[in-house]
Amino acid sequence: METDGENLEVPYWRTLYEAAVLELDWNKQLEFIRGAEHAIMDRVEALNRSDGSGSEALVDALDALRTLRKIADRMAHDSP
């Protein structure tokens, strides 16, 4: 959907990324992280087949998910 030249549609990878970041249950968060990582990698592959623009946000998101995965792994294993 576009309004006045502005794209208002949120990319699928971004929706999964936000779900991973906002999830409070560590085990569920790990599932969301996996889904977001796959969606981001799919988008990176699509960009590589085209012009490659927009990949900086994807790389940043992957870096954040890697950090979040480390924390969630630790917390999921330490939680009763």
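The values are calculated or read from the model by the stated rules, or taken from the named source; none is laboratory data. It should be emphasised that the depicted structure is a prediction, and the values quoted were computed from it without experimental measurement. Cβ coordinates were reconstructed from backbone atoms using ideal geometry, including for glycine residues, and neighbour counts include every protein chain displayed.
Laid out as a table, the results:
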{"item": "Yes/no for His77 being surrounded by fewer than 14 Cβ atoms within 10 Å (Cβ to Cβ), at pLDDT 95 or above and out of contact with any strand residue (DSSP E or B) (no Cβ under 7 Å at 6 or more places or on another chain)", "result": "no"}
{"item": "Residue, nearest to Trp13 (Cα to Cα), within region 32-76, restricted to residues that are more than 12 Å from the chain's Cα centre (by Cα) and touching a residue at least 40 places away in the same chain (Cβ under 8 Å)", "result": "Ala72"}
{"item": "Single unsatisfied condition, Trp26 versus (1) at pLDDT 95 or above; (2) more than 12 Å from the chain's Cα centre (by Cα)", "result": "(1)"}
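Residues are listed down the side, and each one gets a yes or a no for (1) β-branched (Val, Ile, Thr); (2) at pLDDT below 95; (3) assigned to a loop (DSSP other than H, G, I, E, B):
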residue	(1), (2), (3)
Ala19	no, no, no
Arg34	no, no, no
His38	no, no, no
Met41	no, yes, no
Ala46	no, yes, no
Ser53	no, yes, yes
